[in-house]
Amino acid sequence: MNTATSLWTPVRWAENGPVKLAYDRLTEGADGEPLLLVTGLGVSRRWWPDGLCRALAARGFAVARYDQRDAGESTHLPRPDSGNPIAALFRKRGDAYTAEDMTDDAAAVADALGWDSAHLFGQSLGGAVAQRIALRHPRRVRTLTTVSAVPGDAAGLATLRYVRLGTLARFARVRHPGTPEGDIEAGVEVARILASPAHPFDEAATRAFVAGLADAGVRDGRSQSRQIGAQWHGPPIDGIEAPTLVLHGEDDPLIRTGAARRVAARVPGARLVTLPGVGHELPAPVWDEVAAEVRSLADRRPA
């Protein structure tokens, strides 16, 4: 859960054409190796747990996070499309932008940070985006950690094979008013759906955390549909050259572990680590383990 605001630098903006991308940096570990966090579907960068970020900093990483386009404080695109993220999977093309545009956003953030290259850590949709960044901007990626993600080159029905449809149905029933109070209730409900079954869900702590986010992303179906609908036209993930770690909760209620196995089997030399009792999030008890795995991956990178 988040702690003091001073743990993060003031928000800054990178630019990719007309798109402005909000980002900030952890003040701890600022002299470490660059590590960029890539957020999941629709949500702001503030959903990353501070405790996980601090664990990464303690392992020698300078941690930065950013809001993807159509999320948080970054540019939200015009709204010509429907608000159905699942239907967006079956479109022949995205209405607003491509998946390549989203990878270029990350490169723009790295430029603004003054980073020629960085370690990538992406979760959920952010994991798929991070895989694509490693393909489109290979010289800028030191290592790749993809968490709870489908293969970055999957599309349409090939994506749905990795998704638990029952959980999608639960998401479809999440309906709250378009108010700050509705945002909080939606955030708590989504967090409960994605929680790790082996770790107690602390509703009071989650509510306090979500209340401090001021983030409507969990119920913004239009922004989510544009992110999901962004089509990838690049090479298959078999071409990823960066040392790769694939992490996945064994009890992920949204993305099947088969997705992680598929990514690990296709990316040359990738290491697969499954996390017992973990859902579609990274609870506090596994933060140190996750940070240690990312550190080990970085240490194995050829000089």
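Which residue, P235, P268, P18, tops the fluctuation ranking in a GNM of the chain built on C-alpha contacts under 10 Å? So, out of P235, P268, P18, the one fluctuating most is P18.
With contacts taken as Cα pairs under 8 Å at a separation of at least 6 residues, the chain carries a relative contact order of 22 percent. Computing semi-axes √(5λ) of the Cα gyration tensor in Å for the structure here picks out one of (i) 25, 22, 21; (ii) 37, 23, 16; (iii) 32, 20, 19, namely (i).
Fully extending the segment from L7 to R300, taken as 0.36 nm per residue of separation minus the present Cα-Cα distance, adds 102.5 nm. How large is the dipole of the chain about the Cα centre if only Lys and Arg carry +1 and Asp and Glu carry -1, each at its Cβ, rounded to the nearest 20 debye? Result for the chain is approximately 840 debye, rounded to the nearest 20. Available extension along the chain between H176 and V163 is 2.3 nm, counting 0.36 nm per residue and deducting the alpha carbon span. Think of the range 1-52 as a dipole: +1 on every Lys or Arg Cβ, -1 on every Asp or Glu Cβ, centred on the Cα centre; then among L52, S6, T39, T39 lies furthest on the positive end. Note on H233/A204: beta-carbon distance plugged into 1/(1 + (r/R0)^6) with R0 of 45 Å gives a FRET efficiency of 0.50. When +1 charges are put on Lys and Arg Cβ atoms and -1 charges on Asp and Glu Cβ atoms, the dipole computed for the range 188-303 relative to its Cα centre reaches about 440 debye.
Work out the charge dipole of the range 5-300 with +1 on the Cβ of Lys and Arg and -1 on the Cβ of Asp and Glu about the Cα centre, then indicate which of G126, P235, V19 is farthest towards its positive end. Working it through, the farthest residue towards the positive pole turns out to be P235.
Every read-out reported here was derived from the displayed coordinates using simple, explicitly stated rules and does not represent laboratory data. A quick note: this is a predicted structure, and the numbers were derived from the prediction, not measured. Note that each Cβ is placed from the backbone with ideal geometry, even for glycine, and that neighbours are counted across all protein chains shown.
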